[in-house]
Amino acid sequence: MAIAAGNVLKAFEPQSVEQIAASHKGKPFVVLVWSMDCEFCQHSLDVLSKARSANPGFDIVTITTDPLSDAALSQMVKKRLSGIDLLADAWSFGELAPERLRYAIDPRWRGEKPRSYWYDAQGQRIAYSGVITPSLIEKMR
């Protein structure tokens, strides 16, 4: 896709996990896996957005399980993320079956959302299932 960086949803495919980790090498960051129909995900997005406003160096990657192939839904995702300044590093499930894409993220993950992965500067990650709160961010960062 040849749209300006920061204004596009990237297709999440199995190799995307490595691409995301490589692009943040040496820095801590969080990956939030979410969907438009997940109410707890919406709250988590808002909390992450506020945390980044207070800490501009806080790197946040979002992966929606909503399919990129659904143009109307993709527009809703872009609007939601741009409204809270989280569209810069945003991914949406690509062409493969959702189960394969979930497995690529984490073989132990069963699809519950929100799901977050907290990476340290060495690339080690901790998985967390549940709503993101300010106290969780403090604990995980």
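So here's what we get for this one:
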quantity: Selection from the range 36-51 of residues that are crowded, with 18+ Cβ neighbours inside 10 Å and closer than 19 Å to Val8 by Cβ; calculated: Leu45
quantity: The listed residue being aliphatic (A, V, I, L, M), in contact with a Ser or Thr (Cβ under 6 Å, 6 or more places away or on another chain) and touching a residue at least 12 places away in the same chain (Cβ under 8 Å), out of Leu86, Leu101; calculated: Leu86
quantity: Criterion (of a type in the set (A, V, I, L, M, F, W, C), in contact (Cβ under 8 Å) with a residue 24 or more places away in the chain and in contact with a strand residue (DSSP E or B) (Cβ under 7 Å, 6 or more places away or on another chain)) met by exactly one of Ile63, Ile126; calculated: Ile63
quantity: Some residue of the range 114-136 being under 18 Å from Leu9 (Cα atoms) and not in a strand (DSSP E or B); calculated: no
quantity: Qualifying position, being among the aliphatic types (A, V, I, L, M), over 14 Å from Ser35 (Cα atoms) and in contact with a helix residue (DSSP H, G or I) (Cβ under 9 Å, 6 or more places away or on another chain), among Ala97, Ala121, Ala90, Ala104; calculated: Ala104
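FYI, it's all coordinate maths here, none of it is from the lab. Worth saying up front: this structure is predicted, and the values here are computed from it rather than measured. Counting neighbours? That spans all protein chains shown, and the Cβs are built from the backbone with ideal geometry, glycine included.
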